Amino acid sequence: MFSAADLPPTLPVFPLPGALLLPRARLPLHIFEPRYLAMLDDTLKTSHRLIGMIQPCEAPGGREKSLHAIGCAGRVTGFSETEDGRYMITLSGISRFRIEREASGFAAYRRMDVRWDGFGRDLGPAETDGNFDRGRFLALLERYFAQAGLSTDWDSLKEAENELLVNSLSMLCPFEPEDKQALLEAPSLSTRRETLVTLIEFALRGGGHGEERMQ
């Protein structure tokens with residue numbers, strides 16, 4: 001279990017559009033670019049083994065894309081090397097962070113000085129959502145998956161704890177990067193669930209057909 005004292009002041013960051021990592025969730029990644037192979041090699045030499053996942057902003061100009069202010073750090077908890085030198089890794093979400101500035105010094109990848117305050121809840125136990133109507137949520141989700149042509153293990157979804165269910169769907173559903181950022185920045189599990197429902201309902205409307213809003 002990480003504590004606030006374990007969190008470093010500087011993080012390597014991996015800007016990847018549409019890739020969302022949340023605290024206490026897991027994200028598989030395929031690492032093959034030379035600069036990110038170097039980042040992984042350096043990260044595995046640290047005691048914390050943290051990489052910051054962050055969304056690039058859709059801003060024109062500049063050699064380096066600008067980044068959103070808030071990302072989520074994940075600890076490398078699994079990795080395997082392919083025969084051609086690429087890596088399949090698993091990041092386990094630890095805590096969100098806020099970028100302060102680009103870190104000084106040379107590296108092939110980007111490093112950021114970060115702040116962790118304001119996200120203390122991320123280091124605690126799984127969140128609960130007392131207003132979660134699972135039956136209505138799963139019925140809405142089934143309609144969305146059918147319309148989008150997605151498949152899933154419904155038995156596992158029905159058995160998942162509330163946080164695991166909401167966070168896994170937030171990470172896996174094919175939303176736009178800005179929508180993923182909104183899910184990341186949600187201050188609580190209930191807010192994230194409400195945001196997720198809004199995005200699903202918007203996708204279901206598809207052209208403005210009215211849908212009953214689920215609370």
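The table for this structure:
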read-out: Any pair with Cβ under 9 angstrom, 6 or more apart, that starts in the stretch 145-166 at a residue that is farther than 18 Å from ALA25 by Cβ and ends at one that is among the basic types (Lys, Arg) and loosely packed, with under 15 Cβ neighbours inside 10 Å; value: LYS158/ARG134
read-out: Matching option when the condition is at pLDDT 95 or above, charged (D, E, K, R) and not assigned by TED's automatic domain parsing to the domain that holds LEU165, among ARG63, ARG86, ARG49; value: ARG49
read-out: Only one of PHE132, PHE137, PHE79, PHE97 that is without any contact (Cβ under 8 Å) to a residue 60 or more places away in the chain and among the aromatic types (Phe, Trp, Tyr); value: PHE79
read-out: Qualifying position, being within 20 Å of LEU184 (Cβ to Cβ) and either among the acidic types (Asp, Glu) or at pLDDT 90 or above (or both), among ARG96, ARG136; value: ARG96
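Okay, residues lined up against (1) of a type outside the set (D, E, K, R); (2) within 22 Å of ASP117 (Cβ to Cβ); (3) part of a strand (DSSP E or B):
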{"position": "MET39", "(1), (2), (3)": "yes, no, no"}
{"position": "SER47", "(1), (2), (3)": "yes, yes, no"}
{"position": "GLY74", "(1), (2), (3)": "yes, yes, yes"}
{"position": "PHE79", "(1), (2), (3)": "yes, no, yes"}
{"position": "ASP84", "(1), (2), (3)": "no, no, no"}
{"position": "SER92", "(1), (2), (3)": "yes, yes, yes"}
{"position": "SER95", "(1), (2), (3)": "yes, yes, yes"}
{"position": "ARG101", "(1), (2), (3)": "no, yes, yes"}
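The values are calculated or read from the model by the stated rules, or taken from the named source; none is laboratory data. The structure presented is a predicted model; accordingly, all values stated were derived computationally and were not measured. Positions of Cβ are backbone-derived with ideal geometry, glycine not excepted, and every protein chain shown enters the neighbour counts.
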